[in-house]
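A quick write-up on the structure given underneath.
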Amino acid sequence: MNIESYEDMFQRVKAKKEGAFIPFIVAGDPDFETSLKIVKTFVDNGADALEIGFPFSDPVADGPTVQLADIRALEAGMTTTRGFEFIKRVREFTNIPIGVLTYYNLIYKMGIDEFYKMANENGVNAILAADLPPEEAEDAVKAALKHDIQQIFMAAQTTSNERLQKINNMCSGFLYVVAVMGITGARSELKTSTVELIKRIKSHTNLPISVGFGISKPEQVKEVIGAGGDGAIVASAILNIITENLNDEDLIIKKIGEFCRELNESTKI
Amino acid sequence: MMLDGKFGKYGGVFVPELLIPALEELEKSFLKYKDDKKFNEELEYYLREFAGRPTPLYYAKNLSQKLGCKIYFKREDLLHTGAHKINNTLGQGLLAKYMGKERLIAETGAGQHGIATAVIGSLFQMPTEVYMGIEDVERQKLNVFRMELSGAKVIPVKTGSRTLKDAINDALRDWITNVENTHYLIGSSMGPHPYPMMVKHFQTVIGKETKSDILEKEGELPDAVIACVGGGSNSIGIFSEFIDDREVELIGAEGGGEGLSGKHGATLSAGTEGVLHGSLSFVLQDDHGQIAEAHSISAGLDYPGVGPEHSLLKTTGRANYYPITNDEAIRGFKLLSEYEGILPALESSHAVAMAEKYANENKGKTIVVNLSGRGDKDVNILADLMGVKL
């Protein structure tokens, strides 16, 4: 299978006058097979790229929704190695870009080079470790270059323009813009500051930007794409559907399918 | 960052992007004020008048006779709030005030750091919230009440292992959300740079006083300095002044829990390298990098990580770390209570037990034990274990 690059994906979406719809799931939540069906549902309902979390026991950048999903996945037996097996299975039905979101200890424990090698061998396009700032990322970036993986970094409200340049120099694929002051989790509305942040960051980078954290409704997706975002990442709102319907897999799939169609629709400019 | 915050390869700044500017601001302010005359005069005033420094270096005559060594105790247990924690909270609290921060947050395990933060929140009139694992809230009820009496809000943490590790996670999440007006007052020499360096700086007062006093009393340096190690702040504080004196053996006593084959908190004795709570250090983890739950009878040593400088001291062989089991710690508690009339905190009881082991194999030596905290907070646990109803 010819895996699509982020560059090609963002061009494809732009040509349609749309933003990219990028749903997130924790690999193995609530269990390996159901999780796989959920990713298939993402793809069948318009996902332009996928964000797949490798669960960590102490996810400090995440709120209760993602932490619960991490715990469910870990209790169901997810490990880093199985995470890569999960992506290999996803690659059986889609070629859209896949980014792995995780925490640095999982990478460090496996061995930095080995982690990026496994990522390449199993069809991962990009890696983002939530607690790995550019200051500590030299080894990871080297391994990423060696194994043809794109290293993603975050930019936030607190990131100065000067610092943004430093992040730009190390980042490839896209820049992950943290929409809110805080941790992951659905928010009822986006603040004016989010729109201002997107505009500021757009004017300081040539990389495509995907906006995540707190985006949970179609109108919010519309807002971040309208403000100049190239993609919208939706996580907690999707995980909430899993949390609320844990005993009914069919309902999880049905509801996530409907929700993804709505979200995808709202990426049209 | 102006410095990389590394101790050898350990330490660093492994945090989400939102926190980097706050850590840069903190580093800049710390480097500015640590040598500032006015700041230091004010800090010394509070350490002396509010906390009760200097603390004595007490020669334990009865215990020395029993164990066949000269044993001294650095009496940090005599400080206001009952532990060394106040040295650091006064330092960081004053720094937060100088930085114009409006609110303090902290994590606590045993409650000693929570209380020390609560009282300086009151002293400096800053609203204070303390995150505490719900298991620790249960086993340290008295300390929770003391924090509340000082005007702090205690937030029980119900996630994960519900102990110190998870209290730190939630405090970090709070800080990520409220970074603009809040100072996160980390209680140990752990976390992202500049915390390990800064906490050590505010705790070196223990080592400085100890060195000066032992030279005055003995005319020479001790053979060994012993302290308990959870996150590692009291130990790095007393070790700091002796690191360059190679003839002084530095010994850390870790929470050995039920023994290394059972549940324990002996990160340096049984852990492996990993990244937790902002720095690269030794951690307790499984083969896949998931952080393990720690266990110790003492809530303050019930932590699966450790400050990064200890990892350097361990790997270079400058300090040695040994696990002390729950049972050994209880023996240490009773030993000091019965022979000297001093009730040590369960954390410090690990250091007392370590001193007994060292003395048994090294007769005639001079040992300094850092008595980091007093044991009033732990008498309920002891009473339960001894079947005494209070």
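The values are calculated or read from the model by the stated rules, or taken from the named source; none is laboratory data. In this text, all values refer to a predicted model and were calculated from it rather than measured experimentally. Heads up, the Cβs are rebuilt from the backbone with ideal geometry, glycines too, and the neighbour counts pull from every protein chain shown. Quick note on the areas: whole protein, heavy atoms, side chains included, nothing else; ligands and nucleic acids left out. Shrake-Rupley method; radii C 1.70, N 1.55, O 1.52, S 1.80 Å.
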Judged on accessible area alone, 1.4 Å probe, highest first, B:Y59, A:Y6 line up as B:Y59, A:Y6
Where is the GNM fluctuation largest for chain B (alpha-carbon springs, 10 angstrom cutoff): B:G207, B:G305, B:G114? B:G207
Which trypsin sites (Lys or Arg not before Pro) in region A:153-213 sit in a loop by DSSP (not H, G, I, E or B) and have at most 16 other Cβ atoms within 10 Å of their own Cβ? A:K191
Which three semi-axes in whole Å describe the equivalent ellipsoid of region B:211-310, each the square root of 5 times a Cα gyration tensor eigenvalue, listed largest first? 30, 14, 10
Charge dipole magnitude, Cβ of K and R +1, D and E -1 - chain B, Cα centre, debye nearest 20: 580
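So, R0 is 51 Å and r is the distance between the beta-carbons of B:V379 and A:Q11; what FRET efficiency does that work out to, to 0.05?
Efficiency computed from Cβ-Cβ geometry: 0.15.
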Taking R0 as 35 Å and r as the Cβ-Cβ distance between B:S261 and A:R91, the FRET efficiency 1/(1 + (r/R0)^6), rounded to the nearest 0.05, comes to 0.25
Can you pull the percent of the protein assembly as shown's accessible area that's carbon plus sulfur, 1.4 Å probe, other chains left in place? 48
Quick calc, the protein assembly as shown, dipole around Cα centre from Cβ unit charges on Lys, Arg (+) and Asp, Glu (-), nearest 20 debye, gives 840
Is the shape of chain A rounded, prolate or oblate, going by the alpha carbon gyration tensor and its root eigenvalues a ≥ b ≥ c, with a/c under 1.5 for rounded and a/b larger than b/c for prolate? rounded
Which residues, if any, in region B:128-177 have at least 30 Å² less accessible area in the whole protein complex than in the isolated chain, probe 1.4 Å? B:N169, B:R173, B:I176, B:T177
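Among DSSP bridges having both ends in the protein assembly as shown, what percentage is antiparallel? Round to the nearest 5.
About 20 percent, rounded to the nearest 5.
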Which shape class, rounded, prolate or oblate, goes with region A:63-193 when its Cα gyration tensor gives a ≥ b ≥ c as root eigenvalues, a/c under 1.5 marks rounded, and past that a/b bigger than b/c marks prolate? oblate
Shielding of A:57-68 by other chains, given as the mean Cβ count within 10 Å, works out to 6
Ranking A:N95, A:N161, A:L106 by how far each Cα lies towards the positive end of the charge dipole of region A:68-172 (+1 on Lys and Arg Cβ, -1 on Asp and Glu Cβ), the top one is A:N95
Share antiparallel - DSSP beta bridges, region B:59-191, percent rounded to 5: 5
Probe 1.4 Å, all chains present, heavy atoms only: A:I209 accessible area in Å², nearest 10, is 0
Within region A:31-60, backbone nitrogen closer than 18 Å to the virtual label 7 Å beyond the Cα of A:E249 toward Cβ: A:31-44
Length-normalised contact order for region A:157-262 - Cα pairs under 8 Å, 6+ apart - percent: 25
What angle do you read, to the nearest 10 degrees and between 0 and 90, between the alpha-carbon axis of helix B:326-340 and the longest principal axis of chain B? 70
Given charges at Cβ of Lys, Arg, Asp, Glu: region B:327-390 dipole, positive-most of B:A345, B:A359, B:L335: B:A359
Which entries in the list B:K6/B:K97; A:K268/B:K165; A:K117/A:K191; A:K40/A:K117; B:K34/B:K158 go over 32 Å, if you measure between the two C-alpha atoms of each? A:K268/B:K165; A:K117/A:K191; B:K34/B:K158
Over region B:247-301, what relative contact order in percent results from Cα pairs under 8 Å that are six or more residues apart? 31
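Hey, what's chain A come to in accessible area per residue, 1.4 Å probe, Å²?
Per residue, chain A has 38 Å² of solvent-accessible surface.
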Could you work out how far the C-alpha centroid of region A:4-48 sits from that of region A:97-144, in angstrom? 20
In what order, largest first, do A:S5, A:S266, A:S203 sit by accessible area if the probe radius is 1.4 Å? A:S203, A:S5, A:S266
Which residues belonging to region B:16-49 lose at least 30 Å² of 1.4 Å-probe accessible area when the assembly is complete, relative to their chain isolated? B:P16, B:E17, B:L18, B:I20, B:P21
Which of B:L104, B:P54, A:V178 sits farthest toward the positive end of the charge dipole of the protein assembly as shown, with +1 on the Cβ of Lys and Arg and -1 on the Cβ of Asp and Glu? B:P54
Of the candidates B:Q92, B:Q125, B:Q112, which one comes out as most mobile in a Gaussian network treatment of chain B with C-alpha springs shorter than 10 Å? B:Q125
Assigning unit charges at the beta carbon (Lys, Arg +1; Asp, Glu -1) and nothing else, what dipole magnitude in debye, to the nearest 20, does region B:16-113 show about its Cα centre? 640
What number, in percent, do you get for the relative contact order of chain A if the mean sequence gap of Cα pairs under 8 Å and at least 6 apart is divided by its residue count? 23
Quick one: work out the % antiparallel among DSSP beta bridges in chain A, nearest 5. 5
7 Å from Cα along Cα→Cβ at both A:D139 and B:K66: what's the point-to-point distance in nm? 4.6
Note: B vs A interface, total accessible area buried (1.4 Å probe; ligands, DNA, RNA excluded), nearest 100 Å², is 2900
Amide N of region B:8-22 lying under 17 Å from the label point, which is placed 7 angstrom from the Cα of B:M99 along Cα→Cβ: B:12-22
In a GNM of chain B with a 10 Å cut-off on Cα contacts, which of B:S233, B:S269, B:S298 has the highest mean-square fluctuation? B:S269
So what is the accessible area of chain B per residue, in Å², with the probe set to 1.4 Å? 35
Could you report the accessible area of B:I330 in Å², rounded to 10, computed with a 1.4 Å probe on the protein chains as they sit in the structure? 30
What order do A:F259, A:F21 take when sorted by accessible area (1.4 Å probe), most exposed first? A:F259, A:F21
